[in-house]
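Structure first, then comments.
The values are calculated or read from the model by the stated rules, or taken from the named source; none is laboratory data. Computed from a predicted structure; not experimentally measured. No Cβ is skipped: glycine too gets one built from the backbone with ideal geometry, and neighbour counts run over all protein chains shown.
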Ligand SMILES: [Zn+2]
């Protein structure tokens, strides 16, 4: 019976070791989950703040078009420069590369 007790004890130790290993894996997964959650919350805060920038966006300042992307993403006023030809007006932001075509009627009135 003494030997059987040792066998059962070793089985219990092996089972406990396996469970300890699984617990370690779960702790690591939870840590990764916490890091991912924190990143998602930070990204969410950035997106909510970006949405709020729309209220104060000024498409033109002193007749100079302002980049919507730079304003929405970073709340920065960046002028867009005209790179168009006679038949079209292509405005481009040198900061982020955003571009937009103005309407021909608008271009004629400028
Ligand atoms: Zn821009």
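Okay, here's what the table says:
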quantity: Elements of type helices (runs of 4 or more DSSP H) in the chain, at least 1 residues being modelled with pLDDT under 95, away from the ligand (no atom under 16 Å from the Cβ) and exposed (fewer than 10 other Cβ atoms within 10 Å of the Cβ); calculated: 2-53, 104-109
quantity: Residue count for region 1-49, restricted to those that are under 46 Å from the mean Cα position of the chain (by Cα) and over 30 Å from residue 76 (Cβ atoms); calculated: 21
